[in-house]
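The block underneath contains the structure these notes are about, expressed in structure tokens.
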């Protein structure tokens with residue numbers, strides 16, 4: 001596989017021809033438009049020629065700033081084929097973030113999606129010394145103003161000259177395996193974003209090792225692209241699906257996922273833990289309204305599911321006929337109905353990564369026969385480092401390491417990585433490179449962990465560790481993952497660095513709080529008034545104590561404040577990958593936090 005990463009697309013188009021490669025649409029009520037493998041390869045080739053005609057030089061950066069679209073994948077592979085570098089930018093990025101990436105990567109050509117992204121790009125174009133041209137995907141973005149702005153559909157219609165094809169052929173001859181394919185900017189929880197360089201070799205190796213590990217995947221399957229293609233997780237997974245001939249449906253907007261899942265009924269969908277935390281909230285909310293008899297039956301079904309899936313299926317052991325019959329009843333009357341309602345009844349594998357997911361939630365879904373594959377990876381490792389094995393997985397771990405990804409535990413229990421999927425470094429950031437690698441070339445993940453047999457266990461995010469004034473180390477993500485399981489707690493930010501005890505800011509699940517208030521006849525005027533109620537404070541306090549009963553005393557939350565406004569990307573408390581920006585929260589809620597001390 002010592003070749004340009006894009007070349008496998010041409011091979012797939014010869015193999016699959018009129019088979020559907022991609023399905024896309026621009027809103028949830030539109031019909032799906034299919035793109036065959038033949039059409040996909042043609043679009044890639046014509047776009048590659050257009051990039052050369054626009055003057056993009058080999059190893060020059062082009063940007064993509066849009067929601068998930070089929071065009072994103074076309075532009076990706078077109079750029080790879082002519083040795084250009086793709087810089088995907090999160091569709092929710094602010095003007096400041098967009099400016100920084102364009103200036104840092106020296107992007108001259110930017111592909112944008114909708115009206116909002118176009119307007120932000122226009123603002124940058126006015127003053128940027130690098131950005132020269134904007135190419136718009138959505139044709140309903142009107143009017144386009146300026147000679148340096150055009151529609152992508154017009155770009156596709158451009159007829160390439162013979163010299164353009166000759167240049168494309170020459171670039172193929174000049175290709176180097178360590179050419180940069182894309183630069184993915186990290187979401188910046190602890191400072192300025194860094195551009196992670198991903199080479200053609202990184203991508204090719206990622207395909208190879210996933211092909212060895214994930215033997216279940218077939219070209220008769222369908223996958224739903226839900227996470228942003230900007231995210232290394234969705235990007236690598238979608239590439240692997242194309243590599244295996246899996247049909248991809250592209251979910252355009254995150255808010256459409258509920259309808260899209262029910263319509264597509266995919267075999268695969270990559271998600272982050274927050275997705276499953278929300279699913280858990282929905283399921284437990286419905287169960288709370290069951291009659292006592294139905295609640296008892298659900299509890300029985302979970303117990304049967306636990307015995308069947310953990311004591312037998314997990315280790316490829318055949319259950320006796322009595323347990324098989326009980327599980328059949330539990331699945332028929334409970335589990336399958338939940339899976340059909342969610343649109344995941346055809347799921348063969350549901351990869352989850354990107355943050356910590358509590359062991360209790362993993363066990364809950366596994367009991368129902370939902371085929372979760374929990375894993376760990378980074379942008380810097382071209383996604384997967386390790387993941388659950390289909391047979392013999394162990395809850396409480398991150399699974400076993402991917403083939404030929406070398407993992408060892410370094411000083412301070414830090415997880416260190418080596419291998420062909422590991423980045424060569426950060427773009428134009430020598431200081432970050434010096435900090436990220438050991439002298440003998442191991443990449444420092446910033447995560448602490450240890451091995452239990454062949455399984456990796458993640459203990460803490462080293463940079464996120466709080467050290468209390470009493471000298472105790474606290475892992476806030478662990479506490480947050482456990483508490484957001486609760487039906488009344490939507491979001492939480494744990495506070496405690498250099499403090500003598502732990503506090504928290506909590507965003508409650510307001511519909512559950514309102515329902516509780518109604519049931520207990522709590523009088524209030526508005527949401528703010530309700531959250532100031534002593535009865536509601538005592539409810540949340542009771543829930544916190546329940547979930548923390550097995551934690552050591554210094555991890556217990558002593559005080560907390562309830563806030564009605566959700567943490568969000570738009571207001572700056574969350575990164576584009578939904579991680580908590582602690583510095584922003586500490587500053588925004590400074591006086592509220594101080595009042596708890």
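Computed from the coordinates by the stated procedures, all read-outs in this text should not be read as laboratory data. As the structure is a computational prediction, the values presented were derived from the model and not from experiment. All Cβ positions, glycine included, derive from the backbone under ideal geometry; neighbour counts span all protein chains shown.
As a calculated quantity, the FRET efficiency between residue 545 and residue 14 at R0 = 45 Å, using C-beta atoms, amounts to about 0.10. When you restrict to C-alpha pairs under 8 Å that are six or more residues apart and normalise by the size of the chain, the relative contact order lands at 11 percent.
I'd like the orientation of helix 273-288 relative to the chain: the angle between its Cα long axis and the longest Cα principal axis, in ° from 0 to 90, rounded to 10. Computed tilt is about 40 degrees. Using alpha carbons only, how many angstrom separate the centre of segment 402-437 from the centre of segment 519-597? Measuring centre to centre over Cα atoms gives 36 Å. For segment 235-280, the C-alpha radius of gyration divided by 2.2 N^0.38 Å, with N the number of residues, is 1.22. Against the set (1) 26.5, 91; (2) 23.2, 76; (3) 25.0, 78, the structure's computed Rg and Dmax of the Cα atoms in Å falls on (3).
Rounded to the nearest 5, what % of DSSP beta bridges with both residues in segment 465-595 are antiparallel? Around 65 percent antiparallel, to the nearest 5. When restricted to Cα atoms, segment 271-397 yields an Rg and a Dmax of 15.2, 50 Å, respectively. Taking the square roots of 5 times each eigenvalue of the Cα gyration tensor of segment 465-595, largest first, gives ellipsoid semi-axes of 24, 18, 13 Å. Looking at segment 1-132, the DSSP beta bridges with both ends there are about 30 percent antiparallel. Annotation: extensible slack from residue 524 through residue 288 equals 82.6 nm (criterion: 0.36 nm per residue apart, minus Cα-Cα distance). The length gained by stretching the chain between residue 409 and residue 514 to full extension, at 0.36 nm per residue less their Cα-Cα distance, is 33.1 nm. What the Cβ-Cβ distance of residue 328 and residue 127 gives, at R0 = 51 Å and to the nearest 0.05, is a FRET efficiency of 0.20. What is the angle, in °, between the Cα long axis of helix 510-519 and the longest principal axis of the Cα atoms in the chain? Nearest 10 is fine, range 0 to 90. That works out to roughly 20 degrees. Quick one: Debye curve from the alpha-carbon atoms of segment 58-110 only, equal weights, vacuum; give me log10 I(q)/I(0) at q = 0.18, 0.19, 0.23, 0.27 Å⁻¹ to two decimals. Per q value, in the given order, log10 I(q)/I(0) is -0.55, -0.61, -0.86, -1.08. Of 569, 217, the sequence from fewest to most neighbouring Cβ atoms within 10 angstrom is 569, 217.
Using Cα pairs closer than 8 Å and at least 6 residues apart in sequence, work out the relative contact order for segment 465-595, in percent. It would help to have the intermediate numbers written out before the result.
Details: 167 pairs, mean separation 29.7, N = 131.
Across segment 465-595, relative contact order equals 23 percent.
Averaging 1/r over each pair of different alpha-carbon atoms in segment 1-150 and inverting the result gives 16.1 Å, the Kirkwood hydrodynamic radius. Cα centroids of segment 455-515 and segment 49-64: how far apart, whole angstrom? So the two Cα centres are separated by 45 Å. With respect to the chain, whose longest principal axis is taken over its alpha-carbon atoms, helix 321-330 is tilted by about 80°.
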